[in-house]
Amino acid sequence: MYKKAGYPKLIIDLNKLRTNVEKVQNMCEDKGVELAGVIKGCSGLIPCAQQFERAGCAYIASSRLEQLQPLREHGIQLPLMMLRVPMLSEVEDVVEICDYSLNSDLDVLKALNVQARIQDKKHNVILMADCGDLREGFWDKDEMVDVAEMVEKEMRNLHLAGVGVNVGCYGSVMATPEKLQELVDIAERIEERIGRELEIISGGATSSLMRVVDDNLPERVNMLRVGEGILLNYDLPHLYGYEMEGMYDDAFRVRAEIIEVRDKPSHPVGEIGFDAFGHRIQYEDRGIRRRALVGIGKCDYGDPDELICCEPGAEILGASSDHTILDVQDVKRNLRVGDIIEFGIKYATLVYLTNSPNIEKVYI
């Protein structure tokens, strides 16, 4: 039987991850905000999910039922939240597995109510408002208020727990105080209609952490759903310039083995067509350069532009399905076949790597 070789490996530092969760948890708690720890970025890996619970999150959340379903078997007791609005075909499982779900469609809400009755449960729903990012959510806010009233008064096996918004994931809309106040205004319209206060006003994801750091989160926003800002701590410090003191950006690292080192031309030789993925690439001619191939490729991590090479002097040139090509001309150490190169990763890369059966996961 084939025994998988040692590389590539994803190195996961659980202590650093736990520290990141605790930092964000404490930051939110100080502002009266509950934290839903989002595990979809690490593909629901159980040891990672356990750090979210141990660090004090109020909820565990994912957009994938297959990531949430095993958590109870491994002793995680936090309420589970389905982030992606449910498909009609999965409402039975949503009710069975999850305590909360985010919703934006009346037919799905009706189906959830039927399934909750069949399962003799009260399922918590959060209605999503589209405030401009143009992903999920009610665009017509009058419709949203009407649907909220229907859930409250007609769907006896659903509990209208609150409202939420997504910003920054598709339309790149910033989570400004004014944008999040739009959600609060919608919540208050719903509260006036149903005659009670909503428990949850969920003001977005990692991008909304900026409002916590800047202390200008609208007062009634009381829950955030955070994944990337905990797992990688990349977006806020590297894209937006925030100093996230005491947090780590290297809780996840990938290591790959060098399989070839040679001097070669830097520009392909021959008539140029398309690469293996149908793309026409522009290559820079820098003469003969020292190049290294490592045994990991797009099938493992997606886009080489989402990798960060940690080898001083090395540059990622590109990748095929199973190879990543580095320019190592300026690397000081004498690289040889069998040496290991370490890479930092970004969010999309993390999703690929944690989801790949070809990548060994090593917890430290």
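Give the Rg/Rh ratio for segment 166-275, taking Rg as the radius of gyration of the Cα atoms and Rh as the Kirkwood radius, to two decimals. Please list the in-between numbers first.
Values: Rg = 22.1 Å, Rh = 17.7 Å.
A ratio of 1.25.
Starting with the fewest neighbours, write out GLU66, GLU311, GLU182 ranked by other beta-carbon atoms found within 10 Å of each beta-carbon.
Details: GLU66 11, GLU311 20, GLU182 17.
In increasing order of surrounding Cβ atoms, one gets GLU66, GLU182, GLU311.
Quick one: PHE274, PHE52, fewest Cβ neighbours within 10 Å first, how do they rank? Intermediate results must be reported in sequence, preceding the final value.
Working: PHE274 9, PHE52 31.
Ranking PHE274, PHE52 by Cβ neighbours within 10 Å, fewest first, gives PHE274, PHE52.
So, in Å, what gap is there between the alpha-carbon centers of segment 261-302 and segment 305-364?
15
For the chain, take the longest principal axis of its alpha carbons; what is the angle in degrees between that and the long axis of helix 106-118, to the nearest 10 within 0 to 90?
Taking the Cα atoms of the chain, the angle to 106-118 is about 80 degrees.
By a straight-distance test (C-alpha under 23 Å), which lysines pair with LYS121 as possible cross-link partners, with residues fewer than eight away in the same chain excluded?
LYS110, LYS153
Listed highest first by mean packing, meaning other Cβ atoms within 10 Å per residue, what order do 190-197, 154-161, 85-92 come in? Write out the running numbers ahead of the final one.
Working: 190-197: 14.1, 154-161: 18.1, 85-92: 16.5.
The peptides rank, most packed first, as 154-161, 85-92, 190-197.
Give me the distance between the Cα centres of segment 27-41 and segment 141-219, rounded to whole Å.
Computed from Cα coordinates, the inter-centre distance equals 16 Å.
Using a Cα distance threshold of under 24 Å, what count of lysine pairs results for segment 215-364 when pairs must be 8 or more residues apart or interchain? Intermediate results must be reported in sequence, preceding the final value.
Numbers: LYS264/LYS298; LYS264/LYS332; LYS298/LYS346; LYS298/LYS361; LYS346/LYS361.
Taking segment 215-364 as the scope, the lysine pair count is 5.
If we count every other residue with Cβ under 13 angstrom of GLN77's Cβ, Lys/Arg +1 and Asp/Glu -1, where does the sum land? Show your work: numbers first, answer last.
Working: positive: ARG54, ARG72; negative: GLU53, GLU73, ASP99.
Neighbourhood net charge equals -1.
How big is the C-alpha Rg of segment 208-328 next to the rule-of-thumb value 2.2 N^0.38 Å, as a ratio?
On the way: Rg = 19.6 Å, N = 121, 2.2 N^0.38 = 13.6 Å.
Compared with the compact-globule rule of thumb, segment 208-328 sits at 1.44.
Using just the Cα positions, wrap segment 187-237 in a convex hull and report its mean projected area in square nanometres, one decimal place. Write out the running numbers ahead of the final one.
Details: hull surface 15.4 nm².
That works out to 3.9 nm², a quarter of the Cα hull's surface.
Enter the angle in degrees (range 0 to 90, nearest 10) between the Cα long axis of helix 141-154 and the first principal axis of the Cα atoms of the chain, meaning the one along which they spread out most.
Approximately 60 degrees, to the nearest 10.
Per DSSP H run of n ≥ 4, the term is -39500 (n - 2.57); total these for the chain, divide by its residue number, and report the mean residue ellipticity at 222 nm rounded to 500 deg cm²/dmol. Kindly include the intermediate steps, with their values, before the conclusion.
Numbers: 11 runs with 104 residues, N = 364.
My calculation for the chain gives -8000 deg cm²/dmol from helical runs alone.
Give me the net charge of ALA111's neighbourhood, meaning all other residues with Cβ under 13 Å from the Cβ of ALA111; Lys, Arg count +1, Asp, Glu -1. Show your work: numbers first, answer last.
On the way: positive: LYS110, ARG117; negative: GLU90, GLU92, ASP93, ASP105, ASP107.
Every neighbour counted, the sum reads -3.
Can you sort CYS131, CYS299, CYS309, CYS42 so the residue with the fewest Cβ neighbours within 10 Å comes first?
Values: CYS131 25, CYS299 13, CYS309 20, CYS42 30.
Listed from fewest to most nearby Cβ atoms, that is CYS299, CYS309, CYS131, CYS42.
Over every pair of different alpha-carbon atoms in segment 14-235, take the mean of 1/r and invert it; report that Kirkwood radius in Å. Could the numbers behind the result be given before it?
Details: mean 1/r = 0.0576 Å⁻¹.
Hydrodynamic radius (Kirkwood, Cα pairs) of segment 14-235 is 17.3 Å.
Report relative contact order for segment 217-325 in percent, whole number only (criteria: Cα-Cα under 8 Å, sequence separation at least 6).
On the way: 124 pairs, mean separation 21.5, N = 109.
Normalised by residue count, the contact order of segment 217-325 is 20 percent.
Mind putting a number on the dipole of segment 14-235 about its Cα centre? Charges go on the C-beta only, +1 for Lys and Arg and -1 for Asp and Glu, and I need it in Debye to the nearest 20.
Once rounded to the nearest 20, the dipole reads 720 debye.
Read the figures in this text as sums done on the coordinates, not as results from a lab. Fair warning: this is a prediction, and the values are worked out from it, not measured in the lab. Note that we place each Cβ from the backbone using ideal geometry, even for glycine, and neighbour counts take in every protein chain shown.
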